[in-house]
1. Given Arg80, Arg54, Arg33, which one is modelled with pLDDT of 95 or more, more than 12 Å from the chain's Cα centre (by Cα) and farther than 20 Å from Gly144 by Cβ?
2. May I ask you to list the residues in region 144-154 that are small (Gly, Ala, Ser) and either in a helix (DSSP H, G or I) or more than 20 Å from Ala73 (Cα to Cα) (or both)?
3. So is Thr137 assigned to a loop (DSSP other than H, G, I, E, B) and among the hydroxyl-bearing types (Ser, Thr, Tyr) or not?
4. So which of Val77, Val131, Val103 is of a type in the set (Val, Ile, Thr) and over 26 Å from Phe20 (Cβ atoms)?
5. Return the residue satisfying two criteria in turn: it lies in region 83-115 and is of a type in the set (Asp, Glu) and modelled with pLDDT of 95 or more, and of such residues it is surrounded by the most Cβ atoms within 10 Å (Cβ to Cβ).
6. Kindly provide the set of residues from region 36-54 that are under 21 Å from Phe93 (Cα atoms), free of Cβ contacts under 8 Å to residues at least 40 places away in the same chain and part of a loop (DSSP other than H, G, I, E, B), ordered by number.
Amino acid sequence: MLPEKVQRVLEAHNLKAIEFEEGSTPTSVLAARKLGVAVGNIAKSLLFLGKDGRYRLLVCPGDRKVSNAKLKAALGVKSRMASAEETLGATGFKPGGVCPFGVEGIEILLDGSLADYGTLYPAAGTDSSGVPLDFETLKRITGGRVCDCTQAPGEPAE
């Protein structure tokens, strides 16, 4: 069952979520397997807490790792990954089901590498859902700021 705030956004933008059995897609790898797509097509949403006390949500391809140096450069402040409790409290979503739309008062960043994929699948507020859409639609709905905050698979760590 999708959260009502997500359902309203989907309806307003004529989008439909794909839903699976509860708990079946909490990771990018499992979601990709379930949807039959590459892991990079999964748009994972990661919440970070900055040293300034502000939360930011980074949406990036499921096959990429966050670069701490690039994230700090994009935000202008050192940040750490939010805990599960912080994520639920700030977004209303549990990790594995964080949806990039339906969150309020949190800056959203979209890693530019998302544009390399045709169809993206962000979670729809549960760990058993995905919303097929393209990068431009994701950008329009979230109002997210495009940045470079990740490193490609196989790229050496910083």
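1. Working: Arg54 fails: farther than 20 Å from Gly144 by Cβ; Arg33 fails: modelled with pLDDT of 95 or more.
Every option except Arg80 fails the conditions.
2. Within region 144-154, the subset small (Gly, Ala, Ser) is 144, 152, 154.
Listed by number, the list holds a single entry, Gly154.
3. Values: assigned to a loop (DSSP other than H, G, I, E, B): no; among the hydroxyl-bearing types (Ser, Thr, Tyr): yes.
In short, no.
4. On the way: Val131 fails: over 26 Å from Phe20 (Cβ atoms); Val103 fails: over 26 Å from Phe20 (Cβ atoms).
Among Val77, Val131, Val103, only Val77 is of a type in the set (Val, Ile, Thr) and over 26 Å from Phe20 (Cβ atoms).
5. First, the residues of region 83-115 that are of a type in the set (Asp, Glu): 85-86, 104, 107, 111.
Those left that are additionally modelled with pLDDT of 95 or more: 85-86, 107, 111.
Values: Glu85: 10, Glu86: 16, Glu107: 16, Asp111: 26.
Checked region 83-115; the qualifying residue surrounded by the most Cβ atoms within 10 Å (Cβ to Cβ) is Asp111.
6. Gly53
The values are calculated or read from the model by the stated rules, or taken from the named source; none is laboratory data. Nothing here was measured: the structure is a model prediction, and the numbers come from that model. Glycine also receives a Cβ, built like all others from the backbone with ideal geometry; neighbour counts cover every protein chain displayed.
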